[in-house]
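Asks: Structure incoming, see below.
Just so it is clear, none of the values below were taken in a lab; they were calculated from the coordinates. Here the structure is a predicted model, which means the values were calculated and not measured. FYI the Cβ positions are ideal-geometry reconstructions off the backbone, even for glycines, and counts take in every protein chain you see.
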Amino acid sequence: MNIAVFASHGGSDLQAIIDACKSGRLDAKVSVVISNNSKSMALKRAETSGIPAFHFSQKVIEDPQILEEAILKTLIDHNTQIIFLAGYLKKLGSSILKTYKNRVFNIHPSLLPKYGGKGMYGINVHEAVIKAGDTETGITIHRVDDCYDTGEIIAQKKVPVLAGDTAEILAARVLAQEHIFIVEVLSETIPGII
Ligand code: GRF
């Protein structure tokens, strides 16, 4: 399974996928990494592992249509079979979603449909969970459609919220679980549903 991973910032989920592929826990290959952020750690992580990595944004290609075509061509050129959005903050263009219909997945750090949608990313999600007084939160892996965080849910994992948690402490606990869960779902669930 050739996976194209999209990421905007830290890329620790990407690293979990790369490590699992290397160790053989995941029978797959990260064939290409794409980021909208030239300074993303994700691009550096890919380069360190010898994985082709590309920065695509409107800073590089101004015309959105040409930008989308360039991303799609890169995906096809690298024999992409599935797309995994691991902390990617942009929407994918409709031609990409159409070409990879049902084969685009996203990981989100909450139990969707709670705490999803526009603006619900990064620390904002965990702040909202703490503010609401929830005693559990979690992780969702879902298919991607043309809205934020609304596609079909593939798998969820619960993570406890503990007394005294700050949003930062909770974010770290959830992210550590993501690194395990992302590999489990990629190896056990996704091959059976694509
Ligand atoms: C993760 O929390 C993921 O659920 C969300 O973005 C974050 C990415 O973290 N979509 P990292 O960049 O992989 O460290």
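Asks: Just in segment 68-172: which trypsin sites (Lys or Arg not before Pro) are loop by DSSP and have at most 11 other Cβ atoms within 10 Å? Before the final figure, lay out each step's value.
Replies: Values: sites: 73, 90, 91, 98, 101, 103, 114, 118, 131, 143, 157, 158; in loops: 90, 91, 101, 103, 114, 118.
When the trypsin sites (Lys or Arg not before Pro) of segment 68-172 are filtered for loop state and at most 11 Cβ neighbours within 10 Å, 101, 118 remain.
Asks: Can you list residues from other chains, or at least 5 along the same chain, whose modelled amide H is less than 5 Å from the amide H of residue 151?
Replies: 145
Asks: Restrict the search to segment 23-65; then list the trypsin sites (Lys or Arg not before Pro) that DSSP places in a loop and that have at most 11 other Cβ atoms within 10 Å of their Cβ. Intermediate results must be reported in sequence, preceding the final value.
Replies: Working: sites: 25, 29, 39, 44, 45, 59; in loops: 25, 39, 59.
Hits after loop and neighbour filter: 39, 59.
Asks: How big is segment 2-193 by the Kirkwood estimate over distinct Cα pairs, in Å? The partial results should precede the final answer.
Replies: On the way: mean 1/r = 0.0593 Å⁻¹.
Averaging 1/r across every pair of different Cα atoms and inverting gives 16.9 Å.
Asks: What is the antiparallel percent of DSSP beta bridges lying wholly in segment 2-193, to the nearest 5? Before the final figure, lay out each step's value.
Replies: Values: 11 of 26 bridges.
Just about 40 percent of them are antiparallel.
Asks: Any idea how far apart residue 187 and residue 60 come out in nm if each label point goes 7 Å out from Cα toward Cβ?
Replies: 3.1 nm
Asks: Quick check: residue separation of residue 77 and residue 114 times 0.36 nm, minus the Cα distance between them. What number comes out in nm?
Replies: Details: separation 37, 0.36 × 37 = 13.32 nm, distance 3.67 nm.
Full extension from residue 77 to residue 114 adds 9.6 nm.
Asks: Next up: I want to verify a result. In a Gaussian network model of the chain, Cα cutoff 10 Å, which of these has the top mean-square fluctuation: 71, 17, 61?
Replies: 61
Asks: Another question, then. Measure out, as a whole number of angstrom, how far apart the alpha-carbon centroids of segment 114-169 and segment 46-110 sit.
Replies: 23 Å
Asks: With a cut-off of 8 Å between alpha carbons and a minimum separation of six or more residues, what is the relative contact order of segment 1-143 in percent?
Replies: Details: 229 pairs, mean separation 33.6, N = 143.
Computed value for segment 1-143: 23 percent relative contact order.
Asks: Only sites in a loop by DSSP and with at most 15 other Cβ atoms within 10 Å count here; which GluC sites (Glu not before Pro) in segment 1-88 make the cut? Present the calculation step by step, with values, prior to reporting the outcome.
Replies: Values: sites: 47, 62, 68, 69; in loops: 62.
Counting only loop positions with at most 15 other Cβ atoms within 10 Å, the GluC sites (Glu not before Pro) in segment 1-88 are 62.
Asks: Okay, moving on. Could you identify which residue out of 66, 34, 96 has the top mean-square fluctuation in a GNM of the chain using Cα springs shorter than 10 Å?
Replies: Evaluated over the chain, the most mobile residue of the options is 66.
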